[in-house]
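The values are calculated or read from the model by the stated rules, or taken from the named source; none is laboratory data. All values reported here derive from a predicted model rather than from experimental measurement. So basically every Cβ, Gly included, is an ideal-geometry build from the backbone, and we count neighbours across all protein chains shown.
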Amino acid sequence: MDYGSHPYDPYDEPYVRPRRRINYFGWTVAILLLTGVALAAWLGSFYIFDQPERPDSYRILQRLHKIEPPKRFELTAAPAGEFLNPQQLYEQYVGMGAAELARTNAELTRNYIRN
């Protein structure tokens with residue numbers, strides 16, 4: 001019986017690469033950065049989809065084809081609602097302050113965009 005060297009002996013390999021140590025700090029930083037990017041993307045999507053009346057959000061939603069354009073109504077098929085003449089509109093909005101007028105304008109814009 002020959003107890004000599006085996007044809008493949010891993011311990012006889014003269015050019016074995018030394019084992020490297022795992023850089024735990026680097027992997028921790030990479031995972032934390034990727035977690036931050038994922039969280040920012042998640043919160044950003046909530047911001048964009050929740051406020052389509054903002055111009056930047058509206059542009060992004062148009063590019064993604066996630067918002068339908070506002071519907072045009074026929075002159076004779078307008079939606080039910082109140083129709084005011086210019087004098088009535090003036091009386092309704094002249095007493096509002098700047099903050100209340102901005103809030104009403106944002107609400108009307110949101111209703112228009114969401115049809």
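Key figures
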{"read-out": "Filter result for residue 104 (without any contact (Cβ under 8 Å) to a residue 24 or more places away in the chain, assigned to a loop (DSSP other than H, G, I, E, B) and β-branched (Val, Ile, Thr))", "value": "no"}
{"read-out": "Residue list for segment 49-72, filter: closer than 21 Å to residue 105 by Cβ, hydrophobic (A, V, I, L, M, F, W, C) and outside any helix (DSSP H, G or I)", "value": "67"}
{"read-out": "Pairs, first under 21 Å from residue 63 (Cα atoms) in segment 31-51, second at pLDDT below 95 and among the small types (Gly, Ala, Ser), C-beta under 7 Å, six or more apart", "value": "48/57; 51/57"}
